[in-house]
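Below you'll find the structure, written out as structure tokens, and then a few comments.
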Amino acid sequence: MARIGSAAALVVLAALVLVLGVTTPASRAPGATDALGPGNDETAAEYRARLEPPTGDGEQERWALVSPTRSLRADEIRGLVGDVRVSEVFVHVPVDRVQTPLLTMAVPDTESVLTRAVRDAASRLAPGRDERGETVTALVRSRLLADCACVAGVLVRGTAASLARLATADGVRAVEVAPVDAVAGRLSVSPLWPERVGTAVLPDDGPVPPA
């Protein structure tokens, strides 16, 4: 009788575990990463077509990638996003048929850091791996220090209402909102470069202009 009782208890326990597994949402795995931005094989049009409008209630804030219609100077960012908080600035020097690095600049909640994000990005440049790479690095550094229009996108945090307004603002090409439980340090971001039309496979066979 004891064995029968134990077996019955095990059956009840297994059923309870099954029910809990069905009714309880799965938690995010430690270190899970959310991705923002177009995939390498996506065209700009395909990326924009799959984005959903920002939705939500109240004051709950979400992370979002904002892609401008053109490359911006750092002092133009605030005019684009309004009072939405900026967390990161993605800097990229566009050069026809020349691949240049993408530099990510963290922005504490101070306007002075935001407005010098492009100039400060020059300190993040790595040495070139060959003669062409060194020439590209010299060109990029020169343009960054000149405060070029080289902001390709920004990571912001705002309410659904503020992000919805931003998505329809002049000068904004796209706004992609991260999941509600996304964590900033675990966001993988690949900005939609303003000059991008097709996929991410870009030629690197053009002459490098002088710095």
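Read the figures in this text as sums done on the coordinates, not as results from a lab. All values reported here derive from a predicted model rather than from experimental measurement. Don't worry about glycine lacking a Cβ; one is built from the backbone with ideal geometry, like all the others, and counts go over all protein chains shown.
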**Request:** Grab the alpha carbons of segment 34-189, take their convex hull, and tell me the volume per residue in Å³.
**Result:** 121 Å³
**Prompt:** Taking amide H positions as placed 1.01 Å from N in the peptide plane, with prolines and chain starts having none, which residues 5 or more places from A174, or on another chain, fall under 5 Å of its amide H?
**Reply:** S67
**Asked** Where does the charge balance sit around S87 when Lys and Arg score +1, Asp and Glu -1, over other residues with C-beta under 10 Å from its C-beta?
**Response** 0
**Message:** Going by Cα centres, segment 141-181 and segment 70-95 are how many Å apart?
**Reply:** 6 Å
**Message:** Please compute the modelled spin-label separation between L51 and R141, points set 7 Å along Cα→Cβ, answer in nm with one decimal.
**Reply:** 3.5 nm
**Fill in**
When the charge dipole of segment 34-189 is computed with +1 at the Cβ of Lys and Arg and -1 at the Cβ of Asp and Glu, the Cα pointing farthest to the positive end, of G56, V183, V154, is that of V154
